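Trainee: I have a structure here, written as structure tokens, and I will follow up with some questions on it.
The numbers here are math on the coordinates, done by the rules we state, and not lab data. This one's a predicted model, so the numbers in the text were calculated from it and none came from an experiment. When we count neighbours, we look across all protein chains shown, and the Cβ atoms used for this are built from the backbone with ideal geometry, even at glycine.
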Amino acid sequence: MLLALAPGALGSPAEASTPQGSAGSTQSNPSLSLDRIDQRDLPLSRSYSWTTKAENVHVYVVDTAIHGTHVDFEGRVTEGVDLVGGPRNSDVCFFSGTATASLVGGAKYGAAKGVQLKSVRVRDCWQETTPARVVAGINWVTAHAQRPAVAVLPFVLAPNNAVDEAIRKSVKSGVSWVTSASGAKHASEDACSVSPARVSEAITATPLDVALSSTTGDVLRGDARRGPCVDVAAPSSGPTAMGPGNGQNLWDRGGSDSAYTAGAAALLLGEHPTWTPTQVHQELVRKSTKDKLNPGTIGATPNRILYTGAA
């Protein structure tokens, strides 16, 4: 469901131009999801703060194409590779990649508002792909990534050893990979049963429904996959994202768990550019907010919520 935007959600021009490495800034009236990840406890503060925009970090969005000329990206999108080909004459050809990129690093809804965004197109205009095409996209990132680098793959595939192994090799090469465990048909589905969410070297996020107050508390979204392969729960409540075009063409974006987590990984690399993927992974888990989810609803899923604030 789309939520109404609060006035001033984009923040001031000064905020949008805050340089990486400065004292940071604060965005008033952000999305619910951004509001949740920079604080430990409810109720929501109606602000989102950061200490770096991570302008030195390159984030590879392995998805559909990104509408790179959207004003929200401030000229920070470049096309890496298109492994689909053919015409891209419809907005749907850009939907998922644009939305994901805007949550990773867009000026309005992004977690890391200064990252360099790279489009790696492996899904067509109907959001379809093949394992072989996904492997080719992962391998392209491994071969061409500018470091420090984060890559996000915001969808799942049936178990596939070739996909999993490509992710492992890419992590070993120095790229931090973030995957999603969303989109389950039943709440009992295990994240360890899909690729590449089951890859332990990747950072796997599952979707969180954000609560407005401490009375109700945070819960996993209904289609969140669970289990020990999940690293953190990341917000997917009111995940308003930019759609194709240049205006306020808003989409309600599912699967935003991996996008926000990729943004959080980029924030860490913005301040620690020499960190390895293992260090980034471990720090995201260490910093996460613990024991705020109802333990009776999560099964074997770690009780951790993504956190980008001060440790």
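Trainee: Taking the inverse of the average 1/r across all pairs of different Cα atoms in the chain, what Kirkwood radius in Å do you get?
Mentor: Here the Kirkwood hydrodynamic radius works out to 18.7 Å.
Trainee: Just want the ordering: I167, I203, from fewest to most Cβ atoms lying within 10 Å of their own Cβ.
Mentor: Least to most surrounded, the residues fall as I167, I203.
Trainee: Which of T289, T78, T297 moves the most in a Gaussian network model of the chain with Cα springs under 10 Å?
Mentor: T297
Trainee: Among bridges DSSP assigns within region 22-305, what percent are antiparallel (round to 5)?
Mentor: About 30 percent, rounded to the nearest 5.
Trainee: Separation between the A162 and E128 pseudo-spin-labels, each 7 Å from Cα along Cα→Cβ, expressed in nm?
Mentor: Distance between label points: 1.8 nm.
Trainee: Shifting gears a bit: Using only Cα positions of region 155-237, each an equal point scatterer, no hydration layer, compute I(q)/I(0) via Debye at q = 0.18 Å⁻¹ and quote the log10 values to two decimals.
Mentor: Log10 of I(q)/I(0), two decimals: -0.70.
Trainee: Anything over 30 Å Cα to Cα? Flag those among K113/K169; K172/K290; K169/K292, in the order listed.
Mentor: Beyond 30 Å between Cα atoms: K169/K292.
Trainee: So, one more: Can you tell me which of I138, I37, I298 moves the most in a GNM of the chain? Springs connect C-alpha atoms under 10 Å apart.
Mentor: I298
Trainee: Now a separate question. In Å and from the alpha-carbon atoms only, list the Rg and Dmax of region 151-200.
Mentor: 10.9, 35
Trainee: Report the charge-dipole magnitude of the chain in Debye, nearest 20, computed about the Cα centre from +1 at each Lys and Arg Cβ and -1 at each Asp and Glu Cβ.
Mentor: 340
Trainee: Ranking E128, E55 by Cβ neighbours within 10 Å, fewest first, what do you get?
Mentor: E128, E55
Trainee: I've got another one for you. Which of L153, L293, L267 ends up with the largest GNM mean-square fluctuation for the chain, with Cα atoms connected below 10 Å?
Mentor: Looking only at L153, L293, L267, the largest GNM fluctuation is found for L293.
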